[in-house]
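Undergrad: Please read through the structure below; I'll follow up with questions.
The values are calculated or read from the model by the stated rules, or taken from the named source; none is laboratory data. Everything numeric in this text was worked out from a predicted model, so none of it was measured. Every residue, glycine among them, receives a Cβ derived from its backbone with ideal geometry; neighbour counts consider all protein chains shown. When the accessible area is computed, the model is the full protein with side chains, heavy atoms only, and any ligands, DNA or RNA have been set aside. Shrake-Rupley method; radii C 1.70, N 1.55, O 1.52, S 1.80 Å.
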Amino acid sequence: MNGYAGKILRVNLTTGTFTKEPTPADVARDFIGGRGFGIYFLLKEVPKGADPLGPENKLIISSGPISGMMIPGGGKCDWTTKAPLTGGYAGASMGGHFTAEMRYAGLDSIILEGISPKPVYLFIDNDRIELRDASGLWGKATFEVEKQFKEKLGEEYQIATIGPGGENMVSYACINHDYGRQAGRGGVGAVMGSKKVKAIVLHGTKSIPVADMQAYRKAGMALYKACKDAEGLKEWIRYGTTTVVDWCNQVGALPTRNFSAGSFEGAEGIYGKTMREKIVITDKGCFGCPSPCGKYSRSKKYNSYVEGPEYETIGLMGSNLGIDDIEVVAQANLLCDDLGIDTISAGNSIGWAMECYQKGIFTKKDTDGLDLKFGNVEAIFTLIGKIARKEGFGVLLGEGVKRASKKIGQGTEKFAIHVKGMEQSAYATHNATAMLLAYMTCDVGAHHNRSWAITYDLQVGRDLVVPEKVARVIWLQNFRPMFDVIGGCRLQWVELSIDRDLYVPALEAITGIHRSWEDLEKVGDRIWNMTRMFWARENDGFGREWDLPPARFYEDAPTTGATKGQITKLEDVNRLLDMYYEQRGWDSNGLPTLETIENLGLEAVVA
Amino acid sequence: MTASIRLSDSLKNLLGSEGLFTIEAGHSVREAIVSLGINPDLVAVVSVGDEMQSKDYLIQEGDTVRLLAVIGGG
Ligand code: SF4
């Protein structure tokens, strides 16, 4: 089948056996790959009510047709599972070189099933597939594991590994790759840890059949040329995602002290410009990327090296914790990556704990003696370790803010900044209604990558609540995640503004199937509805309540900064949801109607 | 005493505008942005030479000031 490596590998960890099956042509036709494959297999194969950390859950790793191809950004890989953090759908995207190597080993997807009786790692070298003993690696941090494999096997092997966070099944444990790329959100690392898989190590030398080689070359070159010619490429390479720190601070979107404000008085210390001048030593990109956004940094203060920090980590580990020193953020980034926990959820959870401490809800008695004032660097570093190792006070924070605040009560739920149990990423949304809606309705919880609309809010009026804004959010939700379906990076379109139509001939040349963006958005719409059905299937009483934002954004206006005194009224929150459900073809409780399911041709899939 | 302002593709698309303007030097970037009828909040990055600058940067003769929007946010 053109555009596909051709096989799906199932690894039964309980029995230690493997099966390879042909990549199903009808699934490739209807769901293309990546997160499309992920939700298809998740809905079909993981039984209702499965424990996210039990043997019935699966970890589904999928590439898409442009993964590993000479197409800008063709290095993205989707990791789908039932999320330990939220109990709903998790689909985490990971860059680097893993997915290209997986395809060269002949695999479109790897599905991990069951639970191994002992720690193992999955070794793949083309058709040689083995589960090998990993007891000597268990307990080791991610950089050490990757280094050991690279030294032992060679640079050409690509490695995805968990750290102690994943082994200890911390709810937001991540999977690390290439010393600085992660499948970060939802707890995919905890699922890998629950299966006792320390790492996946792979290498391949096969090729991927292409429908029209001439057209593929031409379309690929056109995409690279568009990236090369883009105004803004220079700045993007120089600063990567950190370009926005300054701007977010100006417009009140920079999370500050547990999202109590959107502007931070110490922001200059964590600006992209400051970072470039103080710590960045080189740029680093994923497979085939012409616009490397990764920044490799050295902190003199801590005598350490890390890939990053990028914007999300700067927001959550910086301003959100009252930190105004980019070297501290870089060090917190390093600790999280090495120990294998998501910087976004960790920074958000520590921010919540600091606010509890500030309000006197926690004292040193609760925090293992830590003085949890905003800005206390040593407390932050210590807590990251405690979370990853599930020690003392870290156990509570490792559950994420939804569960932690439910346990503690005393009104702490109101400043637990999450949606559906996933900690909000680094955009404060006190007064940016489209972005607020994007977070409320995102299909993994409060994450920004499916739909990002702050500039649109600023362009049309940030507090406006109109159907056009809702339509914009829905369009982005159907369109942007398609990059996670085809196995590519969205940032060349997002940040360089290259013409998205350039991807159409490339995808056609590779797969032999013509799909316009209209066709692709229809696939995106179907996938969006499938993820919604998964949430509803797995959570009794799932509906409108689950889409509500943190109370902070409709009750608790910032007292400082660009959004001082600004808030979104609860009635506007509900109006946004009414419009959203109507435009999506969902009922007033936010569930797809039968008619919508039929129109999307999903009856069989969700039956 | 002139300088030029170049808009990134993202900002051009957002505003539906031309990409290159000649302006008088001696004003702040913010003033120049406003005089071109652009909402300063939509400009995320100001770049002169290889360096990011704030919107308070005073434009010098011969500068090429590049303005970028953020339309995607990662
Ligand atoms: S833009 Fe960044 S995330 Fe995207 S492929 Fe390039 S390096 Fe990777």
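Undergrad: Determine the gain in length on full extension of the stretch A:ASP371-A:ILE513; use 0.36 nm per residue of separation and subtract their C-alpha separation, reporting nm with one decimal.
TA: 45.2 nm
Undergrad: Let me ask something additional. Of the listed pairs A:LYS225/A:LYS300; A:LYS386/B:LYS55; A:LYS469/A:LYS564, which have alpha-carbon separations greater than 31 Å here?
TA: Violating the 31 Å limit, Cα to Cα: A:LYS225/A:LYS300; A:LYS386/B:LYS55.
Undergrad: Ignore the peptide's own chain and count Cβ atoms of other chains within 10 Å of each Cβ in A:271-279; give me the average, rounded.
TA: Shielding by partners across A:271-279 averages 2.
Undergrad: Checking the table A:LYS150/A:LYS301; A:LYS218/A:LYS273; A:LYS196/A:LYS402 against a 30 Å threshold on Cα-Cα, which pairs fail? Mind showing how you got there, number by number?
TA: Numbers: A:LYS150/A:LYS301 28 Å; A:LYS218/A:LYS273 37 Å; A:LYS196/A:LYS402 26 Å.
A:LYS218/A:LYS273, as the Cα separations exceed 30 Å there.
Undergrad: Not counting ligands, DNA or RNA, and with a 1.4 Å probe, what is A:LEU437's accessible surface area in Å² rounded to the nearest 10?
TA: Counting only protein heavy atoms, the figure is 0 Å².
Undergrad: Taking the convex hull of the alpha carbon atoms in chain B, what volume per residue do you get, in Å³?
TA: Normalising the Cα hull of chain B by residue number yields 79 Å³.
Undergrad: Please tell me which of these pairs span more than 23 angstrom C-alpha to C-alpha: A:LYS7/A:LYS76; A:LYS20/A:LYS284; A:LYS228/B:LYS12; A:LYS364/A:LYS406?
TA: A:LYS20/A:LYS284
Undergrad: Give me a single rounded figure for B:10-17: the average over its residues of other chain Cβ atoms within 10 Å of their Cβ.
TA: That works out to 3 on average.
Undergrad: Would you kindly state how much longer the chain becomes between A:LYS150 and A:ALA607 on full extension, computed as 0.36 nm times their sequence separation minus their alpha carbon distance, in nm to one decimal? Please list the in-between numbers first.
TA: Numbers: separation 457, 0.36 × 457 = 164.52 nm, distance 4.51 nm.
160.0 nm is the gain from fully extending A:LYS150 to A:ALA607.
Undergrad: Just subtract the alpha-carbon distance of A:THR15 and A:LEU548 from 0.36 nm times their residue separation and send over the number in nm, one decimal. Please report the intermediate quantities before stating the final value.
TA: Values: separation 533, 0.36 × 533 = 191.88 nm, distance 4.26 nm.
Gain on stretching A:THR15 to A:LEU548: 187.6 nm.
Undergrad: Right, another one. Using DSSP, restrict attention to beta bridges with both residues in chain B and report what percent are antiparallel, rounded to the nearest 5.
TA: Once the DSSP bridges in chain B are tallied, antiparallel ones form about 75 percent.
Undergrad: Separation of segment A:417-456 and segment A:228-290 by C-alpha centroid, Å?
TA: 19 Å
Undergrad: Then there's this: A:LYS228 to A:ASP578: FRET efficiency via 1/(1 + (r/R0)^6), r the Cβ-Cβ distance, R0 35 Å, to the nearest 0.05?
TA: Values: r = 45 Å, r/R0 = 1.29.
The pair A:LYS228/A:ASP578 has a calculated efficiency of 0.20.
Undergrad: Can you give the direction-averaged projected area of the convex hull of the alpha-carbon atoms in segment A:433-599, in nm²?
TA: 11.0 nm²
Undergrad: Related question: Bins of 5 Å, beginning at zero and ending with the bin holding the largest distance: percent of Cα pairs per bin for segment A:156-253, please.
TA: 3, 11, 11, 10, 10, 15, 17, 13, 8, 2
Undergrad: Please list A:29-41, A:400-412, A:452-464 highest first by mean number of surrounding beta-carbon atoms within 10 Å per residue.
TA: A:29-41, A:452-464, A:400-412
Undergrad: Another question about this same structure. Between A:GLN410 and A:GLU56, what is the spin-label point distance in nm, taking each point 7 Å from the Cα along the Cα→C-beta axis?
TA: 3.8 nm
Undergrad: Averaged over its residues, how many other protein chain Cβ atoms are within 10 Å of peptide B:42-48's Cβ atoms?
TA: Mean inter-chain Cβ contacts per residue within 10 Å come to 6.
Undergrad: Of the peptides A:383-391, A:342-350, A:125-133, how do they stack up when ordered by the mean number of other Cβ atoms within 10 Å, highest first?
TA: Order by mean packing, descending: A:342-350, A:383-391, A:125-133.
Undergrad: Just to be sure I understand: of the beta bridges DSSP finds with both ends in segment A:7-203, what percent are antiparallel, rounded to 5?
TA: 75 percent
Undergrad: While we're on this one: On the first, second and third principal axes, largest extent first, how far apart are the outermost C-alpha atoms of chain A in Å?
TA: 60, 55, 50
Undergrad: Here is a follow-up. Distance between Cα centroids, segment A:4-64 to segment A:89-139: provide it in whole Å.
TA: About 13 Å separates the Cα centre of segment A:4-64 from the one of segment A:89-139.
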